Amino acid sequence: MHIKKTNQTLNSFKSLYLLFLFVFLAIKADAQQIFNSNSYPFTDFRQPLDITPPALAGSFGELRANHFHSGIDFRTNQQIGYPVYATADGYISRLRVQNSGFGLALYINHPNGFTSVYGHLSRFNPKIAQEVKKIQYQKKSYEIDEFPTPDYIPVRKGDVIAYSGNTGSSGGPHLHFELRDTKTEATINPQLLGIQIPDNVPPVISSMYVYRLNGKPFNEFTPKQYFQVAGSSGKYVLNKVSTINLTGEVGFGIVATDKHSGNSGLNGVYSIELFLDGKSIFTSALERFSFENSKAINSHIDYPALITLKRSIQKSFLAPGNPLQIYSNLINNGIINFNDGKIHEVKYIITDSNGNKSNLTFNVLANPKAIINTPIQTNGVAFSYNKLNEYNDDDVKVILPKGTLYDDLNFIYKKLPKLNANSFSSVHQVHNNLTPLHVGFELWIKADSSLAKHQSKALIVNTNGANQGGFFENGYVKAKPKNFGKFYIAVDTIAPSIIPINIANGKNMAGISKMSFRISDNLSGIKSFNGYIDGKWILMEFDSKSASLWHSFDEQTSAGKHNFELIITDIKDNVKRYAIEFFK
């Protein structure tokens, strides 16, 4: 009798659990049907960390400088060293160590056609660390990017593969996690594949903008109007405005952010939908994207406002050269022509990855008297977004490959006076920094005759101090800047700097686990660093954030007297050497 009751109780719990699971999956399936155009497995992957509840420091597709965030950033309580788990069965398909970027990173290919990525790790598990170190010594390089065969390092779901950290370009301790399509390498929102983050908080809408396009390409001269937004808990209205008077071709923009439940900062939203009189005319949804198009974030947003106001306004209309595949339901690329004299309802629906929604609704009166003209620009050269464009004169050549521009451009060039005695050309203003570019352009600057003895050390520099690289050829220094700006020729003849932290000539390093340095370069940047003990190459590890370089002693360095040499080379082949004796 007791056994029968126990079985009945277990069956009841089982039924309740199955009912809960069915409802949960039904709700999730419904959310997927609303917010993504592909079907994804929802139960194949586990969380990469065992920190509960999981919380994010950055969401998928979040607006970042020159790119959409390609994964999700798990908070690790401002600490490093949490075990990182394989989220599903598979094999290590990529071992990567970078000075910047993801720092220490692992990639796992899974049988279901997806690849998981784990970045900014502090260290790998012992087996993987041993293999990585072996490769580094084989290649005599700290940085590696290896693609092992499927049988090299197989893993099972739940295996500890590494430990969370803060390496590479990380701004603080966290785990960067991605799920990618293995074939296309497109990165996909992990929350669509069952990596759940507690979230019942709808997005926050901060402000709305109106752009008077007037049939012209969008640029820094496009008139825009700011509208304050009031509301909370998913319901928003324009503050103290009931109806907006507009005429002609108009675009809209929105400032919106999202928070998850619990320990959450401001993250990005998942989708933005714009409706006119109840009909969808624009949708952007950050379901997935390709890395080659990520820089088009600068066309997705109001780029001039980002540069001048430090404000991220997401436009709800499309430039003709925007290659992103995150848009749907487009009517006239989201541009509305208010010309009928009637009142229209405009509505925004902003959604996060968990399906929480916020609405903003307002009215527009198509009023032919509500005119704001775009300033006329007549002193430039017409560049087309869908063609190769060139500008030439005696001192400079500018070549923009097809696909560089997002929209047609009135290109402006100015020759400015020489900056100082350390420059070897005039300053060349190539348009301005308010126009975003999708790929870099070719820039040739004619060098002064005084460059003759420094030709191999020449490079192009932006007046903001940013090195553009480059090389001398046939009287010109040639480079490929990624953005417009003011450029001139400089030279790098100064060797890098080496500052020893805990080692000196003749020092006894017994009981000290590593030797440490700080290294830097004045202009062109560090190209390589190599350390040698008793003439044999040793592994030097580097952290670009702190410019710290170190070697951790191992069994290869026995007790006794040793010679050590460190050689740092910059991109213009200036070399700095540091040589001492030490004892171990």
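The values are calculated or read from the model by the stated rules, or taken from the named source; none is laboratory data. Computed from a prediction, not measured in an experiment: that's the story for all the values here. Every residue, glycine as well, gets a Cβ built from its backbone with ideal geometry; the counts of neighbours run over all protein chains shown. The area values use the complete protein model at the heavy-atom level, side chains included, leaving out ligands, DNA and RNA. Shrake-Rupley method; radii C 1.70, N 1.55, O 1.52, S 1.80 Å.
Divide by every residue of the chain the summed helix terms, -39500 (n - 2.57) for each DSSP H run of at least 4, and state the resulting mean residue ellipticity at 222 nm, rounded to the nearest 500 deg cm²/dmol.
-3500 deg cm²/dmol
Report the normalised scattering of the range 61-163 as log10 I(q)/I(0) at q = 0.10, 0.11, 0.12, 0.22 Å⁻¹, calculated by the Debye formula with identical scatterers on the alpha carbons.
So the normalised log intensities work out to -0.29, -0.35, -0.41, -1.29.
What does the convex hull of the Cα atoms of the chain come to per residue, in Å³, rounded to a whole number? Could you put the intermediate results ahead of the total?
Working: hull volume 118.0 nm³, N = 584.
Hull volume over Cα atoms, normalised by residue count, gives 202 Å³.
Which is the longest part of the chain that has none of the GluC sites (Glu not before Pro) sitting in a DSSP loop with at most 13 other Cβ atoms within 10 Å?
Values: sites that count: Glu185, Glu555.
In the chain, the maximal stretch lacking such sites is 186-554.
Given a 1.4 angstrom probe, I'd like the percentage of the accessible area of the range 313-450 that is carbon and sulfur, rounded to a whole number.
Answer for the range 313-450 is 48 percent, counting heavy atoms of protein chains only.
Which of rounded, prolate or oblate describes the range 224-343 when judged by the alpha-carbon gyration tensor and an a/c cut-off of 1.5?
Numbers: a/c = 1.59, a/b = 1.15, b/c = 1.38.
Since a/c reaches 1.5 but b/c is at least a/b, the shape of the range 224-343 is classed as oblate.
Under the rule of at least 5 residues apart or a separate chain, name every residue whose amide H is placed under 5 Å from the amide H of Ser93.
Long-range HN contacts for Ser93: Tyr107, Ile108, Asn109.
Where does the range 295-346 land on Rg/Rh, using Cα atoms and the Kirkwood Rh?
Dividing the radius of gyration by the Kirkwood radius yields 1.05.
Given Cα pairs under 8 Å that are at least 6 residues apart, what percent is the relative contact order of the chain?
11 percent
With a 1.4 Å probe and all protein chains in place, put Lys310, Lys457, Lys514 in order of accessible area, largest first.
Lys310, Lys514, Lys457
Given Lys414/Lys576; Lys139/Lys584; Lys482/Lys527; Lys478/Lys527, which pairs have Cα atoms separated by over 31 Å?
Lys414/Lys576
Net charge near Trp550, counting Lys/Arg +1 and Asp/Glu -1 over other residues with Cβ under 9 Å of its Cβ? Show your work: numbers first, answer last.
Values: positive: Lys514; negative: Glu541, Asp543.
Here the charged neighbours net out to -1.
Given the protein chains as shown and a 1.4 Å probe, how many square angstrom of Asp277 are accessible, to the nearest 10?
Probe radius 1.4 Å; accessible area of Asp277 about 80 Å².
Starting from the residue with the highest accessible area, list Asp151, Asp573 in decreasing order, probe 1.4 Å. Mind dumping the intermediate values first?
On the way: Asp151 125, Asp573 90 Å².
Result, largest first: Asp151, Asp573.
Lysines near Lys310 by alpha-carbon distance under 19 Å, same-chain residues fewer than 8 away left out - which ones?
Lys224, Lys295
Percent relative contact order of the range 146-202, based on C-alpha pairs within less than 8 angstrom and at least six residues apart?
15 percent
Could you report the range 348-499's accessible area per residue, 1.4 Å probe, as an integer in Å²?
48 Å²
Taking all protein chains together and a probe of 1.4 Å, list Tyr406, Tyr152 from the most accessible to the least accessible. List each step's numbers first, then the result.
Details: Tyr406 10, Tyr152 90 Å².
Solvent-accessible surface, decreasing: Tyr152, Tyr406.
So, taking all protein chains as they sit and a 1.4 Å probe, how much accessible area belongs to Lys357, in Å² rounded to tens?
90 Å²
Determine the share of the range 182-297's accessible area contributed by carbon and sulfur atoms, expressed in whole percent, with a 1.4 angstrom probe.
Details: 2300 of 4430 Å².
Roughly 52 percent of what the probe reaches on the range 182-297 is carbon or sulfur.
Quick one: grab the alpha carbon gyration tensor of the range 40-98, order the square roots of its eigenvalues as a ≥ b ≥ c, and give me rounded if a/c is under 1.5, else prolate or oblate depending on whether a/b is larger than b/c.
Details: a/c = 1.31, a/b = 1.17, b/c = 1.12.
Rounded, because the longest to shortest axis ratio a/c is under 1.5.
If you roll a 1.4 Å probe over the heavy atoms of the protein chains, what accessible area per residue do you get for the range 31-188, in Å²?
42 Å²
Could you report the range 299-346's accessible area per residue, 1.4 Å probe, as an integer in Å²?
46 Å²
Per the Debye formula with a single identical scatterer at each Cα and no solvent contribution, what log10 I(q)/I(0) holds for the range 498-540 at q = 0.15, 0.23, 0.31 Å⁻¹?
Cα-only, vacuum Debye calculation for the range 498-540: -0.48, -1.00, -1.28.
Among the aspartates and glutamates, select those whose C-alpha is under 12 Å from the C-alpha of Lys397, and discard any that sit fewer than 8 residues away in the same chain.
Glu442
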